[in-house]
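S.K.: Starting off with a structure, shown below.
The values are calculated or read from the model by the stated rules, or taken from the named source; none is laboratory data. Not measured: the values here are computed from a predicted model. Reconstructed Cβ throughout: ideal geometry from the backbone, glycine too, with neighbour counts over all protein chains shown. Remember, those area values only see protein heavy atoms, side chains included, never the ligands or the DNA or RNA. Shrake-Rupley method; radii C 1.70, N 1.55, O 1.52, S 1.80 Å.
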Amino acid sequence: MDYQSLFKKQVDQLKAENRYRLFASLERKVGEHPNAIWHSDKGPKNVIIWCSNDYLGMGQSKDSIEAMTNAAVNHGTGAGGTRNISGTSHAIVSLESELAALHRKERALVFTSGYVANEASISAISSLLNDPVIFSDAMNHASIISGIRYGRAEKIVFRHNDVKHLEALLKAQPYERHKVIIFESVYSMDGDISPIAKIVELANKYNAMTYLDEVHAVGMYGNEGGGVAQQEGLESDIDILQGTLGKAFGTMGGYIAASDAICDAVRGYGSGFIFTTAMPPALAASALASVKHLRRSQIERNAQQRQSKRLKKRLREYGMPFLTGNTHIVPVMVGDAAKCSEISQILLESYGFYIQPINFPTVPKGTERLRITPGPLHTDKMIDDLVIALSKIFNEVNPPSVVPTNLKNHAISA
């Protein structure tokens with residue numbers, strides 16, 4: 001059998017469907033965010049990054065860089081193995097203590113990524129419950145879906161943010177049966193927020209646990225950056241909060257915050273925790289510095305929210321189609337995979353604006369988009385220049401004027 005031809009055929013299929021992912025070679029420089037250097041085929045070129053998940057620019061924080069540098073000098077670059085084999089570094093212990101305090105929980109548990117945190121925690125929890133049923137929002141992240149799959153529990157999907165549908169599904173199950181409702185606070189592709197209070201109310205009514213993914217909200221919302229649950233005063237009502245250190249906190253890693261019993265159970269039964277090399281001390285120290293800073297500083301959050309509002313205002317003035325959510329994620333709708341990729345490439349090559357196209361399977365076919373994440377270091381002029389360029393390119397490329405969508409809970413501004 002010609003294995004190489006088989007793989008090439010599958011890759012060619014991705015290209016034919018405009019689903020082949022092109023990676024731009026970017027070089028970020030400390031002190032210049034969101035500016036970067038794009039190493040193109042024609043040589044280096046200055047660009048502005050508009051789609052980074054380093055939402056607040058904390059990846060270039062002086063405190064975090066200093067903490068990482070000092071820890072690397074004093075403790076080396078690696079962890080030496082899993083936490084069981086090589087011991088848990090004091091930096092991780094300190095980080096977990098800070099994360100638990102951030103979310104007002106008894107304990108926190110750090111993983112090597114947010115994906116691993118979800119996969120390991122959900123699968124472990126599912127395997128320990130008695131004949132559980134997992135209620136999963138239809139828009140949940142792939143890591144959540146993977147965790148549910150590995151946990152081998154029954155899964156029931158409820159329509160996105162539809163509490164009436166969720167209640168009907170919960171009501172159909174025996175009250176005594178173990179149940180877990182898994183959902184996100186901020187959904188990364190649409191930029192909408194879940195009805196956390198209503199879901200908590202249903203969980204209490206129907207004897208269910210709650211698992212809230214806050215990866216796109218931690219650092220961004222709440223008086224200390226604890227996420228939407230903190231902003232709405234609901235932290236104590238959520239059984240398990242899951243977050244990341246790789247987005248607003250600007251480093252890398254994931255975590256859960258919950259009761260001591262839940263964290264200890266995941267620690268003892270979560271394969272993704274037990275068998276994975278631990279986070280290096282330098283990375284843990286850097287993350288700790290970032291979390292501490294954002295717990296006491298509102299400057300970055302306030303500036304980000306101001307620039308997000310400005311971008312939406314300018315898009316509206318130019319008649320651009322975007323989802324009108326109230327978060328930092330601004331999806332400009334295109335509605336066609338080929339044209340979405342084309343617009344992205346023109347922005348990069350002709351204007352020096354880097355925005356990756358978001359196509360299927362990340363989003364449903366017909367809802368292709370450019371996902372923009374303005375940050376506190378994007379200037380007013382940068383925003384104005386981007387919107388003008390987008391408007392001009394949209395007129396030239398002429399994407400679908402009406403975006404076919406099943407996003408019933410969203411308004412599309414135009």
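S.K.: State yes or no: is ILE193 more than 24 Å from MET279 (Cβ to Cβ), at pLDDT 95 or above and within 24 Å of the chain's Cα centre (by Cα)?
M.R.: yes
S.K.: Go over the candidates SER64, SER97 one by one and state the one that is of a type in the set (Gly, Ala, Ser) and open to solvent by 20 Å² or more (accessible area, probe 1.4 Å).
M.R.: SER97
S.K.: Across segment 1-21, which residue is surrounded by the most Cβ atoms within 10 Å (Cβ to Cβ) among those that are part of a loop (DSSP other than H, G, I, E, B) and free of Cβ contacts under 8 Å to residues at least 12 places away in the same chain?
M.R.: Across segment 1-21, the extreme among qualifying residues is TYR20.
S.K.: Could you go through segment 332-345 and let me know if any residue there is surrounded by fewer than 18 Cβ atoms within 10 Å (Cβ to Cβ) and part of a helix (DSSP H, G or I).
M.R.: yes
S.K.: Oh, and also: In segment 248-257, is there at least one residue being surrounded by fewer than 24 Cβ atoms within 10 Å (Cβ to Cβ) and either out of contact with any helix residue (DSSP H, G or I) (no Cβ under 9 Å at 6 or more places or on another chain) or of a type in the set (S, T, N, Q) (or both)?
M.R.: No - not one qualifying residue is present in segment 248-257.
S.K.: May I ask you to list the residues in segment 67-79 that are more than 28 Å from the chain's Cα centre (by Cα), open to solvent by 40 Å² or more (accessible area, probe 1.4 Å) and farther than 14 Å from ALA289 by Cβ?
M.R.: Within segment 67-79, VAL73, ASN74, HIS75 qualify.
S.K.: Something else now. When residues of segment 168-190 are filtered for being touching a Lys or Arg at 6+ places or on another chain (Cβ under 8 Å) and of a type outside the set (S, T, N, Q), how many remain?
M.R.: Number satisfying all stated conditions: 2.
S.K.: Counting residues that are charged (D, E, K, R), which strands (runs of 3 or more DSSP E) fully inside segment 127-230 reach at least 2?
M.R.: In segment 127-230, the matching strands (runs of 3 or more DSSP E) lie at 154-158, 179-184.
S.K.: One residue is enough: does segment 104-111 have a residue meeting the conditions surrounded by 23 or more Cβ atoms within 10 Å (Cβ to Cβ) and of a type in the set (A, V, I, L, M)?
M.R.: yes
S.K.: Taking segment 309-327 as the region of interest, how many residues are open to solvent by less than 70 Å² (accessible area, probe 1.4 Å) and over 24 Å from the mean Cα position of the chain (by Cα)?
M.R.: The total comes to 3.
S.K.: If I go through segment 346-359 residue by residue, how many of them are open to solvent by 10 Å² or more (accessible area, probe 1.4 Å) and in contact with a helix residue (DSSP H, G or I) (Cβ under 9 Å, 6 or more places away or on another chain)?
M.R.: Number of matching residues: 9.
S.K.: Still on this structure: Which of the following residues is at pLDDT 95 or above, among the polar types (S, T, N, Q) and under 15 Å from the mean Cα position of the chain (by Cα): ASN130, ASN140?
M.R.: ASN140
S.K.: Another question about this same structure. Identify all residues within segment 133-145 that are in contact with a Ser or Thr (Cβ under 8 Å, 6 or more places away or on another chain) and open to solvent by less than 10 Å² (accessible area, probe 1.4 Å); write none if there are none.
M.R.: Result: ILE134, ASP137, ILE144.
S.K.: Looking at segment 306-347, which of its residues are polar (S, T, N, Q) and in contact with a strand residue (DSSP E or B) (Cβ under 6 Å, 6 or more places away or on another chain)?
M.R.: Residues satisfying the conditions are THR324, THR327, SER341, SER344.
S.K.: Could you list, in sequence order, the residues of segment 30-55 that are open to solvent by 10 Å² or more (accessible area, probe 1.4 Å) and hydrophobic (A, V, I, L, M, F, W, C)?
M.R.: The answer is VAL30, ILE37, TRP38, ILE48, CYS51.
S.K.: Here is a further query. Quick one: would you say ILE393 is surrounded by fewer than 23 Cβ atoms within 10 Å (Cβ to Cβ), touching a Leu at 6+ places or on another chain (Cβ under 6 Å) and part of a helix (DSSP H, G or I)?
M.R.: Considered against the rule, which asks whether it is surrounded by fewer than 23 Cβ atoms within 10 Å (Cβ to Cβ), touching a Leu at 6+ places or on another chain (Cβ under 6 Å) and part of a helix (DSSP H, G or I), ILE393 comes out as no.
S.K.: Could you say which residue among ARG267, ARG306 is under 25 Å from TYR187 (Cβ atoms) and either open to solvent by 30 Å² or more (accessible area, probe 1.4 Å) or assigned to a helix (DSSP H, G or I) (or both)?
M.R.: ARG306
S.K.: Here's another thing I want to ask about it. Can GLU300 be described as open to solvent by 10 Å² or more (accessible area, probe 1.4 Å), over 29 Å from SER40 (Cα atoms) and either of a type in the set (D, E, K, R) or at pLDDT below 95 (or both)?
M.R.: Criteria met by GLU300.
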